[in-house]
Amino acid sequence: MQQDIQILIGGEAGQGLVTIGQLLGKALVRAGREIFASQTYHSRVRGGHNTFAMRVGAGPFAAPRESIDILVALNAETVELHRPQLTKRALIIADAAFAPELPGAIAVPFGELGPEKLWNTAALALLGQVLGLQEQQLYQAVEATLGQKKPELLEENQEIMKKSREWAKAHLPEHDFVLADATATADSTQKRLLLNGNQAIALGALAGGLKFCAFYPMTPSTSVVLELITHAETMGCVIEQAEDEIAAINMAIGAAFAGAPAMVATSGGGFALMAEGISLAAMTETPVLTVVAQRPGPATGMPTRTEQGDLEFVLHAGHGEFPRAILAPGSIEECFTLTARALALTERSQSPVFLLTDQFLADSARPVTPFELNGITPVRPGDDPEKVATPYRRYRLTPDGLSPRLLPGLSEHLVVADSDEHDEDGHLSEDYGLRTAMVKKRLQKLELLKEEVTAPTLEGDQDALLLVCWGSSLGPVREAAAILRDRGLKVGTLHFSQVWPLLPEQFLDLLQKADRVVGVEGNATGQFARLIRRETGFTIAELINRYDGLPFTADFLLERLETQRAETGDR
Amino acid sequence: MKMEKVEQLRHYYLRHDKKFPHVWCPGCGNGIILGSLIRAIDKIGLSKDEVVLASGIGCAGRMPVYADFNTLHTTHGRALTFATGIKLARPELNLITVMGDGDATGIGGNHFIHAARRNLNLTAIIINNQIYGMTGGQYSPTTPYGAKAATATGGHLEHAFSIADLAVTAGASFVARGTVYHVPHLDKLIEQGIRKNGFAVIEIMAYCHTQFGRRNKMGDAVTMMEKLRDRAVAVKDPGAAGSPGTAVAAGASDTPGAAASAGALDSDSLDTLDGKFAIGVLTDVEKPDYIAEYARLRAASRLNAQNAGNAGK
């Protein structure tokens, strides 16, 4: 089996490196290849050091690799920063002015190929030549992006691509990165979508019946809303950029109250402002979905990097006691399915539901087969006014805690909500007995949420080494496990795509049976391991944490598993 | 208005059999405002089901509890954001928010200016009693300089701003100021505000004899009411119809102060305990409201899509 190839394009913001990456990705996916693209960027428009990483090969992949096979350096800094990651076989494509004296370095006279503004296109063509892509495949991707709008640009780009290919044919050294002919294996009739996690969340929300989204821009959540805006007209979904996150959550609650399935998307700092509104949604029993795309905190932290540090925050946000559910997708596909599911769940339970993701998943793109829409029913908000018991009581005390929810202005029934404690009619009350009954009623809905818990997924072997993870860590953890199994070890992975509520009967015996349980979390303190201990009494004694702002990779996990094993003794 | 009619309105619009007696202090002007509100809605002829009344927290925030509309008693400062969500989801509903000065322009100040800028078709009634009443008399954004409050025992060090001016600057389509003394005038202003297509602000100068008057030795409720009468100066309505003068003529005893002519007041003296301030319609401009703009954008993008489709054929 041919080894997969990790490409890294590095440079300053504004040098067009994302364009190279996206066009290359598009061409590769159309040619039936498996890719995994991820981005790291600084929180700035120009300058800084940004990278676009792409893994190509037999795949499918769900994580990047730490080591680099092909480095495209648009500036000198890129070479210096990534030199330690280069594999022995690595190629370095760099301008002749700063190309290093290293084996595999290709000093490209970009100045001779064309004007500086087109150097990114030149680099793209060089990459295409290295990988053995057909000229037409790359050119089609460029054409589709530039479109018919700017034919003069298209011509210039075509010209520099041609020149670059010719230069490459004459000057490329021997290398083993030419992709094997994929035409035999790839099913070219199978349409695929190149999507990142945030795009899949937006599509899942729309499939689930979303009609309203309010937000205040915050990386890495904003692209969820940008994707929603693209489809808002077709799907009849209203998007509102609010003055702040406090307004955003309250607008969403207002819209949901009025009958529009609603969500907000934010990150930790913005979610801090939403905590008050979450509590209001709980008290008024208004459905609302909150997407929290995590990034390292506290405060502004590292705006464009990743972390799984807000689990406990989301679990406890909002004053007062009320039930909630937290879903944490582990893949692009789960971003789609779980968002639709979360929207249905918040409507069904009339309780706040959260989707917890992070920058890694948000900005990682992979080709996926078009999603299965059977089994996703768009949310139909509220109850039928013809069917409610009269007199209508919005907060009628019922055994399961669910009360009829009518929408305002659609019937003779008057629709009321109150953020104060209220009676069954929805009117403010300070009656102590009623207060107790209402608290019980709201908490009773946790049982409904428990009935719909997505069980954790066990993959691989039981009883031996068990890697426990949640949310976006799934891809790298499974890859590490697969590598260990190839080496003849017995390894299993247990992934939670729902982190609250937890049902011990779904997983406790697996933890107890395994010889060695290792918790893998993208935070410093092992928040999920602590939650498992709180709910089950089981202590996950061994943890692998990463909190430098970068995502897990199989390389990172294997190295840590090895050292920790040495430290704890061979068990 | 005849007493029978009053009785009728009261029974129709108020949750009279459930929620009374109300929480407001004897002598409070909030009940007068509730009366004005239901008379205005009755005059326009809206059914109870077409109206959504949303409020925040505070004495003013309690108003929806007594009125038999679709009502929402939300969190402190957030009434407008909640109402915005409802309006965007269901533009056919008539949204009215009732807030106090602290609710609307303190904790909710950011939402207030942006709601004005957004120009959704909402009516914002702001009761300005210059103090946080319900929580015990802490100073608010409209407490005058030097006034005493529970949190300004030696006299307030900060200055008040004018809610109406803020609304004008932020872009509200309709801005009016009334008082709880000039009741028929207030009925008319609220009616105009609800009828206005766009963001309409009605600032109502009220008083809190319990928390503000007592601390500042301003006398009882009646004295404070008389003070409002003397401080208010009518402006000439910028729109031709419904000038305060005409509106007030219906109830002669409520005619605003003697200096009731345009230009008699250079600026409001709301940062003092006894300065003059203008009442009437302060701004009334025509501009497309947000829902209309949204509809225009959608129609345009549909047209573009159609044209693009045709061009491709």
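Picking from B:35, B:45, which residue would you name as being over 24 Å from residue A:422 (Cα atoms), out of contact with any helix residue (DSSP H, G or I) (no Cβ under 8 Å at 6 or more places or on another chain) and not hydroxyl-bearing (Ser, Thr, Tyr)?
B:45
Given the condition among the basic types (Lys, Arg) and modelled with pLDDT of 95 or more, answer yes or no: does some residue in segment B:229-236 qualify?
Yes: one or more hits.
Enumerate the strands (runs of 3 or more DSSP E) found wholly within segment A:190-277, keeping only those where 3 or more residues are within 20 Å of the chain's Cα centre (by Cα).
Once the strands (runs of 3 or more DSSP E) in segment A:190-277 are filtered for at least 3 residues that are within 20 Å of the chain's Cα centre (by Cα), what remains is A:193-196, A:212-215, A:262-266.
Going by the structure shown, is residue A:458 touching a residue at least 24 places away in the same chain (Cβ under 8 Å), in contact with a Ser or Thr (Cβ under 7 Å, 6 or more places away or on another chain), aliphatic (A, V, I, L, M) and within 25 Å of residue A:335 (Cβ to Cβ)?
no
What are the pairs, 6+ residues apart or on separate chains, where a residue within segment A:74-94 that is part of a strand (DSSP E or B) has its Cβ under 6 Å from a residue that is of a type in the set (Asp, Glu)?
Qualifying pairs under 6 Å: A:87/A:69; A:90/A:69.
Give me a count of the residues in segment A:5-37 that are in contact with an Asp or Glu (Cβ under 9 Å, 6 or more places away or on another chain) and modelled with pLDDT under 90.
Of the residues in that region, 2 qualify.
Assess whether residue B:143 counts as being more than 13 Å from chain A (Cβ to nearest Cβ) and outside any strand (DSSP E or B).
Against the criterion (more than 13 Å from chain A (Cβ to nearest Cβ) and outside any strand (DSSP E or B)), residue B:143 qualifies.
What are the residues in segment B:16-32 that are surrounded by fewer than 24 Cβ atoms within 10 Å (Cβ to Cβ) and either under 19 Å from residue B:102 (Cβ atoms) or touching a residue at least 60 places away in the same chain (Cβ under 8 Å) (or both), if any?
Those that are surrounded by fewer than 24 Cβ atoms within 10 Å (Cβ to Cβ) and either under 19 Å from residue B:102 (Cβ atoms) or touching a residue at least 60 places away in the same chain (Cβ under 8 Å) (or both): B:23, B:24, B:25, B:26, B:27, B:28, B:32.
Would you point out which residue out of A:345, A:338, A:356 is in a strand (DSSP E or B) and modelled with pLDDT of 95 or more?
A:356
Only one of these conditions is not met by residue B:207: (1) in a helix (DSSP H, G or I); (2) in contact with a helix residue (DSSP H, G or I) (Cβ under 6 Å, 6 or more places away or on another chain). Which number is it?
(1)
Only one of A:94, A:107, A:58, A:76 is surrounded by fewer than 20 Cβ atoms within 10 Å (Cβ to Cβ) and modelled with pLDDT of 95 or more; which?
A:107
Among the residues of segment A:141-153, is any at pLDDT 90 or above, in the same structural domain as residue A:30 (by TED's automatic domain parsing) and either among the charged types (D, E, K, R) or part of a helix (DSSP H, G or I) (or both)?
No, segment A:141-153 contains no residue that is at pLDDT 90 or above, in the same structural domain as residue A:30 (by TED's automatic domain parsing) and either among the charged types (D, E, K, R) or part of a helix (DSSP H, G or I) (or both).
Provide a single number: the residues in segment A:52-83 that are among the basic types (Lys, Arg) and closer than 21 Å to residue A:173 by Cβ.
The qualifying residues number 1.
Quick test for you: out of A:293, A:256, A:340, A:325, pick the one residue that is hydrophobic (A, V, I, L, M, F, W, C), within 14 Å of chain B (Cβ to nearest Cβ) and buried (at least 24 other Cβ atoms within 10 Å of the Cβ).
Exactly one of A:293, A:256, A:340, A:325 is hydrophobic (A, V, I, L, M, F, W, C), within 14 Å of chain B (Cβ to nearest Cβ) and buried (at least 24 other Cβ atoms within 10 Å of the Cβ), namely A:256.
In this structure, does residue A:369 turn out to be under 30 Å from residue A:435 (Cβ atoms) and loosely packed, with under 15 Cβ neighbours inside 10 Å?
So residue A:369 does not fit the description; no.
For residues that are over 21 Å from the mean Cα position of the chain (by Cα) and at positive phi, scanning just segment A:513-571, find the one that is surrounded by the fewest Cβ atoms within 10 Å (Cβ to Cβ).
So, considering only residues that are over 21 Å from the mean Cα position of the chain (by Cα) and at positive phi, the one surrounded by the fewest Cβ atoms within 10 Å (Cβ to Cβ) is A:569.
How many residues are surrounded by fewer than 24 Cβ atoms within 10 Å (Cβ to Cβ), in contact with a Gly (Cβ under 9 Å, 6 or more places away or on another chain) and assigned to a helix (DSSP H, G or I) when one looks only at segment A:1-22?
Of the residues in segment A:1-22, 0 are surrounded by fewer than 24 Cβ atoms within 10 Å (Cβ to Cβ), in contact with a Gly (Cβ under 9 Å, 6 or more places away or on another chain) and assigned to a helix (DSSP H, G or I).
Please enumerate the residues belonging to segment A:207-231 that are buried (at least 21 other Cβ atoms within 10 Å of the Cβ) and among the small types (Gly, Ala, Ser).
A:208, A:214, A:221
Can you confirm whether segment A:225-236 contains a residue that is away from every other protein chain (no Cβ under 14 Å), out of contact with any helix residue (DSSP H, G or I) (no Cβ under 6 Å at 6 or more places or on another chain) and hydroxyl-bearing (Ser, Thr, Tyr)?
No: segment A:225-236 contains no residue that is away from every other protein chain (no Cβ under 14 Å), out of contact with any helix residue (DSSP H, G or I) (no Cβ under 6 Å at 6 or more places or on another chain) and hydroxyl-bearing (Ser, Thr, Tyr).
Just wondering, is there one or more residues in segment B:247-270 that are part of a loop (DSSP other than H, G, I, E, B), surrounded by 11 or more Cβ atoms within 10 Å (Cβ to Cβ), at pLDDT 85 or above and in contact with a Gly (Cβ under 8 Å, 6 or more places away or on another chain)?
Checking segment B:247-270: at least one residue is part of a loop (DSSP other than H, G, I, E, B), surrounded by 11 or more Cβ atoms within 10 Å (Cβ to Cβ), at pLDDT 85 or above and in contact with a Gly (Cβ under 8 Å, 6 or more places away or on another chain).
Please go through segment A:263-282 and give me each residue that is of a type in the set (A, V, I, L, M, F, W, C) and within 7 Å of chain B (Cβ to nearest Cβ), ordered by number.
Once the filter is applied, which keeps residues that are of a type in the set (A, V, I, L, M, F, W, C) and within 7 Å of chain B (Cβ to nearest Cβ), segment A:263-282 yields only A:280.
It is to be established whether one or more residues within segment B:166-177 are surrounded by fewer than 20 Cβ atoms within 10 Å (Cβ to Cβ) and not in a helix (DSSP H, G or I).
Within segment B:166-177, one or more residues are surrounded by fewer than 20 Cβ atoms within 10 Å (Cβ to Cβ) and not in a helix (DSSP H, G or I).
The values are calculated or read from the model by the stated rules, or taken from the named source; none is laboratory data. Everything quoted here is computed from the prediction, not taken from an experiment. A quick note on method: Cβ atoms are made from the backbone with ideal geometry, for glycine too, and the neighbour counts reach across all protein chains shown.
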